[in-house]
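To start, the structure itself, in structure tokens.
The values are calculated or read from the model by the stated rules, or taken from the named source; none is laboratory data. Predicted model, so just to flag it, every value in this text is computed and none were measured. Here the Cβ positions follow ideal geometry from the backbone for every residue, glycine too, while neighbour counts run over all protein chains shown. With ligands, DNA and RNA removed, areas are computed over all heavy atoms of the protein, side chains included. Shrake-Rupley method; radii C 1.70, N 1.55, O 1.52, S 1.80 Å.
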Amino acid sequence: MTERGGDEAPADVLVAIAGGVATITLNRPAALNALTIPMKERLLAAIQGVACDRAVRAIVLTGSGRAFCAGQDLKERLAPDAPSLDEELILRYNPIVRALRAAPQPVIAAVNGVAAGAGASLAFACDLRIAADGATFVLAFGRIGLVPDSGATWTLPRLVGGARAAEIALLGDAVGAAEALRIGLVSRVVPADALAGEAASMAARLAALAPGATALTKQALAASFDRDLDAALDAEADAQAAAGAHPDHAEGLAAFLEKRPPRFSGG
Ligand code: T3D
């Protein structure tokens, strides 16, 4: 396993790479993994680093301790030299969200505990969400007189529909794991002590797929709400042409006919 974020870097963002899976762990448990400026910069660097690592075929984003992430560090916000809110979004939050969406690999949010404010937004920006049974999602922005950000006004309606998104965003009530599963905000809920294993096993399955086809599938799903059916059909034909021309498609066919697991090169 490769570990990054060790000796020379502060350890509030950990990156571990093993078996084609990069696990990024937000690691400020005493503050529920609330995000400071340096931590956001390290998180962005971590996502960009693993996204362009060809050995990485799936990414897991999780938190240490009892929280996934409590969003912006509100104590840092009180500093006299704190950047303006819009500046902070433009310079630091938005690039993180864009990096999660642009990564060719699928990103799993393994939501181990409370995901609040921009912490919830980060989970919403991932491709897949699985939650511990005690996890909660709180769009806490309204409680402090702010507006959901870091993509939540875009991702949340797409995940749960407009009516539920309006309640979650406007009322700010905590959505528990069982309710999150019921409304489609997460796709799986597992006991807390099984979450890391469940995320690792899902990531390993994703890492075993043909990376090019997986990236094209991620792109097509992300674009789907912005396309009409005709455009989606055309985009699928283009994506299938690209996937079909890759040696991994031939390997998949050969593996099927030879009744063996495929060995996708990704190359
Ligand atoms: O730059 C910008 O501001 C623009 C971007 C904004 C994006 C945003 O994310 S705005 C929204 C920021 N987040 C919040 O408003 C959530 C604040 N936290 C909470 O509402 C609660 O802590 C939770 C619902 C997440 C959890 O509640 P609970 O009762 O389980 O834990 P707690 O006791 O409130 O917190 C435990 C500790 O974590 C505590 O520290 P202490 O007193 O033991 O030293 C608390 O201060 C700390 N903590 C929790 N959230 C934050 C935090 N410290 C700094 N910032 C936080 N966001």
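Brief remarks follow.
- The set of residues from region 57-70 being within 29 Å of THR217 (Cα to Cα) and in a loop (DSSP other than H, G, I, E, B) comprises just one member, ARG57.
Residues checked against (1) touching a residue at least 40 places away in the same chain (Cβ under 8 Å); (2) buried (at least 23 other Cβ atoms within 10 Å of the Cβ); (3) within 11 Å of the ligand (Cβ to nearest atom); (4) not assigned by TED's automatic domain parsing to the domain that holds ASP12:
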| position | (1), (2), (3), (4) |
| --- | --- |
| LEU26 | yes, yes, no, no |
| ALA30 | no, no, yes, no |
| LYS40 | yes, no, yes, no |
| CYS52 | no, no, no, no |
| ALA58 | yes, yes, no, no |
| ALA67 | yes, yes, yes, no |
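- Criterion (buried (at least 24 other Cβ atoms within 10 Å of the Cβ) and near the ligand (Cβ under 10 Å from one of its atoms)) met by exactly one of GLY142, GLY71: GLY71
- Considered as a group, the residues in region 119-135 that are in contact with a Lys or Arg (Cβ under 9 Å, 6 or more places away or on another chain) and open to solvent by 10 Å² or more (accessible area, probe 1.4 Å) include one that is nearest to the ligand (Cβ to nearest atom), and that residue is GLY134.
- In region 84-102, of all residues being under 10 Å from the mean Cα position of the chain (by Cα) and away from the ligand (no atom under 13 Å from the Cβ), the one that is surrounded by the fewest Cβ atoms within 10 Å (Cβ to Cβ) corresponds to ARG101.
- Figure legend. Inter-residue proximity from region 76-90: first residues free of Cβ contacts under 8 Å to residues at least 12 places away in the same chain, second residues among the acidic types (Asp, Glu), beta-carbon distance below 7 Å, spacing 6+ or different chains. Indicated pairs: ALA82/GLU76.
- Residue ID - nearest to LEU146 (Cα to Cα), chosen from residues in region 103-118 that are outside any strand (DSSP E or B) and within 14 Å of the ligand (Cβ to nearest atom): GLY117
- Test for ALA178: is it surrounded by fewer than 14 Cβ atoms within 10 Å (Cβ to Cβ), of a type in the set (Gly, Ala, Ser) and out of contact with any His (no Cβ under 7 Å at 6 or more places or on another chain): yes
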